[in-house]
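**Student:** First, the structure itself, so that you have it in front of you.
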Amino acid sequence: MTTSQNPTARALALAADDMRQVDAIISRRLDSDVPLVGQVAGYIVSSGGKRLRPVLLLLMCQALGCLHPQRHTLAAVVEFIHTATLLHDDVVDESTLRRGRATANQTFGNPASVLVGDFLYSRAFQMMVESHSMRVMQVLADATNVIAEGEVLQLMNMHDASLDEAAYLRVIRSKTAKLFEASCRLAAILANSPPALEQACAEYGQSLGTAFQVIDDVLDYDGDSGEMGKNLGDDLREGKATLPLILAMQLGNADEARIVRQAIETGNTQQLPRIIDIVRRTGALDATRAAAATQAERAMQAARALPANEATNSLLELAAQLLQRRS
């Protein structure tokens, strides 16, 4: 797929000039008198992610015609918050691989990862105060709190095979979609948009973030570890009842449901090939992709409230392409 055909590449190109300024801010604000802080934070910040959340903030600003001088700083804040959650997530999940290389906790140890995650959160809050906007601080503080609640909810749900689709969606809307939503809402706030337009921006972010995570959960059973940069079956090993497994238990026969349920409850991946077969054969993957399609359509509907321009087209394409996502 060429750059001209790839919506993600096109979005990154549209935001490239802005992102260079964001990267400069990130580099400058990672500076610390404690060498290990910069070493660990730099390791994960430079690990090759698409930086989708700050890109969304900047694209939404472009779509709204907003050139607010704080947009680059707030995009960096969003990335710091996201990076902090990754550091903490990998410790909690005991992950060893992210984006194709060893996780920070695998490289530097759990204590360093947790404490540098704390540093990134506190640095993000220092930076958001510089906006001198109570609305900005409220949105980011609320988002950070909801994300933390989502992490705790997910921890409580580990190895719980009785989890239903509504409880699953509650977790991912808190843990993943909330920062997408906040990124897009911040752009509307910076643009001084009217309430209805601000709400449309937030709905776009929430729906896109939800679809993004649902597809991520599909790829744990229908992806390629080389393309994804993580180990297939990690969710199962951690005892996460993600939507493909929830639907497989609903759509499969009693024996298939029992196999999936036991794997969730024990975190045993020895049956992973069989479970992948069950998830595929029962139609659970197709049903999960359909759930993601519903969210992607909601995002596109919300984006249609934005002014018609190249950035808005890019936001629409980002939602539409999620169903083809492979990594």
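The values are calculated or read from the model by the stated rules, or taken from the named source; none is laboratory data. Predicted model only: the values in this text are computed from it and were never measured. We place every Cβ from the backbone using ideal geometry, glycine too, and count neighbours over all the protein chains shown. The protein model used for the area step is the full one, side chains on, heavy atoms only, and it has no ligands, DNA or RNA in it. Shrake-Rupley method; radii C 1.70, N 1.55, O 1.52, S 1.80 Å.
**Student:** Pairs needed: first member in the range 63-74, farther than 21 Å from ALA308 by Cα; second member anywhere, part of a loop (DSSP other than H, G, I, E, B) and open to solvent by 30 Å² or more (accessible area, probe 1.4 Å); C-beta distance under 7 Å; at least 6 residues apart or different chains.
**Tutor:** THR73/GLU130
**Student:** Among the residues of the range 295-316, which ones are out of contact with any Ser or Thr (no Cβ under 9 Å at 6 or more places or on another chain) and of a type outside the set (A, V, I, L, M)?
**Tutor:** PRO307, ASN309, GLU310, THR312, ASN313, SER314
**Student:** For the condition more than 17 Å from the chain's Cα centre (by Cα), closer than 22 Å to THR85 by Cβ, part of a loop (DSSP other than H, G, I, E, B) and without any contact (Cβ under 8 Å) to a residue 24 or more places away in the chain, what is the one hit in ASP23, ASP31?
**Tutor:** Unique residue meeting the criteria: ASP31.
**Student:** Next question, about the same structure. Small (Gly, Ala, Ser), open to solvent by less than 30 Å² (accessible area, probe 1.4 Å), in a helix (DSSP H, G or I) and in contact (Cβ under 8 Å) with a residue 40 or more places away in the chain: does that describe GLY209?
**Tutor:** Considered against the rule, which asks whether it is small (Gly, Ala, Ser), open to solvent by less than 30 Å² (accessible area, probe 1.4 Å), in a helix (DSSP H, G or I) and in contact (Cβ under 8 Å) with a residue 40 or more places away in the chain, GLY209 comes out as no.
**Student:** Just one of the numbered conditions (1) without any contact (Cβ under 8 Å) to a residue 24 or more places away in the chain; (2) more than 30 Å from ALA63 (Cβ to Cβ); (3) of a type in the set (A, V, I, L, M, F, W, C) is not true of MET134; which one?
**Tutor:** Here MET134 meets the rest and fails (2).
**Student:** Take the residues in the range 39-51 that are part of a helix (DSSP H, G or I) and open to solvent by less than 30 Å² (accessible area, probe 1.4 Å), then tell me which one is nearest to MET300 (Cα to Cα).
**Tutor:** That would be VAL45.
**Student:** Okay, moving on. Just to be sure, is ALA11 buried (at least 19 other Cβ atoms within 10 Å of the Cβ), farther than 22 Å from LEU140 by Cβ and among the aliphatic types (A, V, I, L, M)?
**Tutor:** Here the answer is yes, as ALA11 does meet what is asked.
**Student:** Identify all residues within the range 52-89 that are open to solvent by 50 Å² or more (accessible area, probe 1.4 Å) and among the polar types (S, T, N, Q); write none if there are none.
**Tutor:** Passing the criteria: only GLN62.
**Student:** From the list VAL78, VAL22, exactly one residue is in contact with a Pro (Cβ under 7 Å, 6 or more places away or on another chain) and within 20 Å of ALA302 (Cβ to Cβ). Which is it?
**Tutor:** Only one candidate qualifies: VAL78.
**Student:** I'd like the full set of residues that are surrounded by fewer than 19 Cβ atoms within 10 Å (Cβ to Cβ) and more than 26 Å from PHE180 (Cβ to Cβ), limited to the range 277-298.
**Tutor:** ASP277, ARG280, ARG281, GLY283
**Student:** If you don't mind, there's one more thing I want to ask. Within the range 261-315, track down each residue that is outside any helix (DSSP H, G or I) and touching a Lys or Arg at 6+ places or on another chain (Cβ under 9 Å).
**Tutor:** Correct list: GLY267, ASN268, THR269.
**Student:** Oh, and also: Go through the range 119-145 and give me each residue that's under 20 Å from the mean Cα position of the chain (by Cα), aliphatic (A, V, I, L, M) and surrounded by fewer than 19 Cβ atoms within 10 Å (Cβ to Cβ).
**Tutor:** Of everything in the range 119-145, just one residue is under 20 Å from the mean Cα position of the chain (by Cα), aliphatic (A, V, I, L, M) and surrounded by fewer than 19 Cβ atoms within 10 Å (Cβ to Cβ), namely ALA141.
**Student:** Out of the residues in the range 208-223 that are over 15 Å from ILE246 (Cβ atoms) and of a type in the set (A, V, I, L, M, F, W, C), which is modelled with the lowest pLDDT?
**Tutor:** Going through the qualifying residues, I end up with LEU219.
**Student:** Output the residues belonging to the range 90-116 that are in contact with a Gly (Cβ under 7 Å, 6 or more places away or on another chain) and either surrounded by fewer than 16 Cβ atoms within 10 Å (Cβ to Cβ) or outside any strand (DSSP E or B) (or both).
**Tutor:** Scanning the range 90-116 gives ARG99, GLY100.
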